[in-house]
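> Attaching a single structure in C-alpha cells format; questions to follow.
The values are calculated or read from the model by the stated rules, or taken from the named source; none is laboratory data. Note that the structure is a prediction, hence the values are computed from the model and not measured. We place every Cβ from the backbone using ideal geometry, glycine too, and count neighbours over all the protein chains shown.
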Amino acid sequence: VLEHTTPEGITWFQFASLAACDGLVTHGIFSRLGGVSAPPFASLNCATIVQDDPEAVAENRRRVAAVLPNLQLITTRPIHGSNVVEVLPETPGIAQPYMRVLDARADIMITRQRGLGLTWAYADCTPVLLVDPVHEAIALAHAGWRGTSQAVAVVAIEAMHASYGTRPSDVIAALGPAIGPCCYEVDEPVHAAFTAHPLASQHMFFSTLSITNQDGTSRESLRVDVLAANRSQLIAAGVRADHIEMSGFCTGCSTDLFFSHRVENGRTGRFAVVLGLR
Ligand SMILES: [Zn+2]
C-alpha cells in the first residue's frame, strides 16, 4: 500500500493496484490519525454510532472529504448480512454533515455513477473494494465474520455481474485492514456459521492456538482468518489471485494506526474507507 500524510496530519493509505486504475477511481483507507475526536475515539473517528461527539465526527468527515475532492461521501447502516444496494443520486437517504446516509440497510454498495464516494467506517471487519475497469463499475463490501460466513464478497461480485455485466476475471480487488487470527479469538457458533453456508464452508480458515493463562494452565483458543477467507472466496468466484491486493495490516496489532473493536474492548472509533468513480 501507498502511505500519504497531509499537512494537517491525516495519515491515509491507497492500494497500488487501485491507484494504478488512474483516472477511473478515487479511493482512500484512512487511519485514525489526524482528526479531532477525544479518546477513546481519538482521533479521526468517522462513525456516529459510537457515542462520539457528533460535531467531532462532522469535522472528521469534513477532513476525509477534503482529502478526496469531487466525491460525495455516501454510506448506509451495515447489518452484517449480504444485502446489496445500488447507489444512485436519487437513492433515498438523509443528509448528515459531509455524509449522505442511505435508508437502505445493506453491507454491499455498488454503483456505476461517477462522483459518489462509497464509504464505510470500520474497526476489524474486512473492507472489500472491487473495481471493474471494463464496465467502469465499483463495489464496496463490509465483511465481518457474519458477512464473511455469508460469502458477502462473492455476493458483491454476483451483484456487479447482474447489474453491470462484470466478469470476475476483470475485477481488481483489494482487502483493507481487518483483524487477523493473531488477535481474533472466536467461539464455536462462528465456526458453525461458516460450516452451515454452502460457499463459506468451502473456505474455512480456522486454527487453534494453545494459550497459557496467567495461572500457568493452558487452554485452546479458536481463531479465524477472515481476510484469508474473503481472498479465497474471491478466487473461487473467478477473481484472479494476482488481482487481489491485501493491505497487510491487522487492526488488532496496529491500534496506533487503526481502530480495533476487539482489542479496544468495544470502546473505540471507526476508520473510513472510501471508493468512488471519478
Ligand atoms: Zn493481530
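> Please go through region 60-82 and pick out each residue that is modelled with pLDDT under 95 and within 17 Å of the chain's Cα centre (by Cα).
Within region 60-82, the first condition is being modelled with pLDDT under 95, and the residues that meet it are 69-70, 77-82.
Scanning region 60-82 gives ARG77, PRO78, ILE79, HIS80, GLY81, SER82.
> Return yes when GLY176 is surrounded by 13 or more Cβ atoms within 10 Å (Cβ to Cβ), over 18 Å from VAL84 (Cα atoms) and among the small types (Gly, Ala, Ser) and no when it is not. Before the answer, list the steps.
Working: surrounded by 13 or more Cβ atoms within 10 Å (Cβ to Cβ): yes; over 18 Å from VAL84 (Cα atoms): yes; among the small types (Gly, Ala, Ser): yes.
So GLY176 fits the description; yes.
> While we're here: Just a yes or no: is a residue in region 84-105 outside any strand (DSSP E or B) and under 30 Å from GLU185 (Cβ atoms)?
The answer is no, given that none of the residues of region 84-105 is outside any strand (DSSP E or B) and under 30 Å from GLU185 (Cβ atoms).
> Take region 128-169 and flag every residue that is assigned to a helix (DSSP H, G or I) and farther than 22 Å from LEU116 by Cα.
Those that are assigned to a helix (DSSP H, G or I) and farther than 22 Å from LEU116 by Cα: TRP145, ARG146, GLY147, THR148, SER149, VAL154, PRO168, SER169.
> Now, a different point. Only residues that are more than 16 Å from the ligand (Cβ to nearest atom) and either buried (at least 17 other Cβ atoms within 10 Å of the Cβ) or in a strand (DSSP E or B) (or both): list them for region 179-205, please. Break it down into steps so the answer makes sense when it comes.
Taking region 179-205 first, the residues more than 16 Å from the ligand (Cβ to nearest atom) are 187-204.
The answer is VAL190, ALA193, PHE194, ALA200, HIS203.
> A further question follows. Which numbered condition in (1) within 16 Å of the ligand (Cβ to nearest atom); (2) farther than 28 Å from GLY35 by Cβ; (3) among the hydrophobic types (A, V, I, L, M, F, W, C) is the only one that VAL154 fails?
Result: VAL154 fails condition (1) only.
> Taking region 245-276 as the search range and keeping residues that are away from the ligand (no atom under 16 Å from the Cβ), farther than 15 Å from ASN45 by Cα and crowded, with 21+ Cβ neighbours inside 10 Å, which one is nearest to the chain's Cα centre (by Cα)?
LEU275
> List the pairs whose first member sits in region 247-261 and is at negative phi, whose second member is part of a helix (DSSP H, G or I), and whose Cβ atoms are under 8 Å apart, counting only residues at least 6 apart or on separate chains?
SER260/GLY252; SER260/SER254
> Quick check on my filter: what residues within region 206-239 are over 22 Å from the mean Cα position of the chain (by Cα), surrounded by 13 or more Cβ atoms within 10 Å (Cβ to Cβ) and of a type in the set (Ser, Thr, Tyr)?
SER221
> Yes or no: THR126 within 24 Å of LEU24 (Cβ to Cβ), of a type outside the set (Gly, Ala, Ser) and more than 19 Å from the chain's Cα centre (by Cα)?
No.
> Considering (1) of a type in the set (A, V, I, L, M); (2) farther than 20 Å from GLU3 by Cα; (3) assigned to a loop (DSSP other than H, G, I, E, B), say which one ALA56 fails and leave the rest.
Unmet condition: (3).
> Kindly list, by first and then second residue, each pair from a residue in region 159-183 that is on the phi > 0 side of the Ramachandran plot to a residue that is away from the ligand (no atom under 16 Å from the Cβ) and outside any loop (DSSP other than H, G, I, E, B), limited to pairs with Cβ atoms under 9 Å and residues at least 6 apart or on different chains.
Final answer for the pair search is GLY165/ASP132; GLY165/ALA137.
> Also: How many of the residues in region 131-170 are touching a His at 6+ places or on another chain (Cβ under 8 Å), among the β-branched types (Val, Ile, Thr) and either within 27 Å of THR195 (Cα to Cα) or surrounded by fewer than 18 Cβ atoms within 10 Å (Cβ to Cβ) (or both)?
1
> Separate question: Kindly evaluate ARG223 against the criterion of being basic (Lys, Arg), within 12 Å of the ligand (Cβ to nearest atom), modelled with pLDDT of 95 or more and part of a strand (DSSP E or B).
Against the criterion (basic (Lys, Arg), within 12 Å of the ligand (Cβ to nearest atom), modelled with pLDDT of 95 or more and part of a strand (DSSP E or B)), ARG223 qualifies.
> So, one more: Give region 192-217 a look and list any residue that's closer than 26 Å to TRP120 by Cα and not hydrophobic (A, V, I, L, M, F, W, C), or say none.
Selection gives HIS197, HIS203.
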